[in-house]
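Right, one structure below, let's go through it.
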């Protein structure tokens with residue numbers, strides 16, 4: 001069964017010439033048949049009408065070859081208008097000659113027993129009939145060029161969107177690769193602090209770091225992951241830090257079921273968690289706590305990361321992770337996200353709101 005998007009692409013994004021050609025001429029035959037049915041003098045009138053329209057069908061195929069030849073040369077609009085008018089008149093002339101020298105005399109010979117001479121027509125009648133045969137070719141030509149321009153416009157738009165998507169994907173990938181070393185640097189600093197103070201806990205952290213990296217790098221090429229995986233990454237990191245500060249660090253992570261399946265950019269939570277640990281631990285007088293809450297409402301995802309302590313402005317070197325997230329959010333959700341950092345006297349709260357498309361909650 002074809003999906004709606006596939007049906008839309010088949011009928012709208014890539015209209016085929018033969019679909020319009022055959023459908024259009026059949027519609028014209030039906031219109032002319034019922035229009036002239038009352039004036040038919042015998043049963044053979046329909047056959048001659050069919051043959052006449054078949055000649056018009058063949059003439060438009062020849063015109064198509066001419067149009068395609070000149071269209072590929074990318075001429076000006078004025079040139080195509082002149083080409084359309086001249087080709088339609090010439091096509092009407094050919095159609096007139098075939099109709100008036102072959103079809104009509106043959107019809108008269110079969111029905112009445114006597115022929116019909118084109119020379120019996122005046123110049124005015126000849127010109128009038130040529131224009132009469134030309135008029136169906138004008139809208140046909142207009143539709144042909146209109147569809148060609150439309151398809152080219154769609155192709156150009158698709159190429160632009162693909163190029164833009166590729167550029168965004170490349171930038172997101174680059175920013176993610178920048179973030180991984182930044183995280184590793186912070187983790188190794190934490191382990192270094194324990195090597196001499198508590199070797200047993202340092203050994204445990206190294207094991208947890210190895211497990212964390214294996215988990216984090218499992219889908220290293222994915223730019224978007226379910227929020228539940230982001231929460232797992234954050235929980236593993238907080239578990240490592242809790243090993244280092246068993247008495248001071250407390251954390252909680254609450255992700256609702258509907259929010260867990262929403263796809264978000266990879267390593268969305270981690271930089272804020274790292275930043276909270278780095279600065280919050282220093283600025284919290286006693287115990288340090290960090291709470292992560294995620295839920296959805298209609299088509300919006302709400303992420304709240306709150307920790308004790310105070311906000312400390314980072315230098316350009318130490319603030320790489322946060323700045324990275326700003327750039328990645330802007331790249332992945334242009335105009336569809338909000339990020340607010342609320343700096344209270346004794347706590348810091350990061351609020352992220354993302355508008356996600358229908359279907360992003362299903363992986």
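The values are calculated or read from the model by the stated rules, or taken from the named source; none is laboratory data. Bear in mind the structure is a predicted one, so any value in this text is a computation, not a measurement. When we count neighbours, we look across all protein chains shown, and the Cβ atoms used for this are built from the backbone with ideal geometry, even at glycine.
Can you tell me which of 265, 352 is crowded, with 17+ Cβ neighbours inside 10 Å, at pLDDT 80 or above and either more than 30 Å from the chain's Cα centre (by Cα) or over 28 Å from residue 191 (Cα atoms) (or both)?
352
In segment 230-272, how many are touching a helix residue (DSSP H, G or I) at 6+ places or on another chain (Cβ under 8 Å), in a helix (DSSP H, G or I) and in contact (Cβ under 8 Å) with a residue 40 or more places away in the chain?
Summing the residues that are touching a helix residue (DSSP H, G or I) at 6+ places or on another chain (Cβ under 8 Å), in a helix (DSSP H, G or I) and in contact (Cβ under 8 Å) with a residue 40 or more places away in the chain in segment 230-272 gives 13.
Among (1) at pLDDT 85 or above; (2) touching a helix residue (DSSP H, G or I) at 6+ places or on another chain (Cβ under 9 Å), where does residue 297 come up short?
Only one criterion is unmet by residue 297, namely (2).
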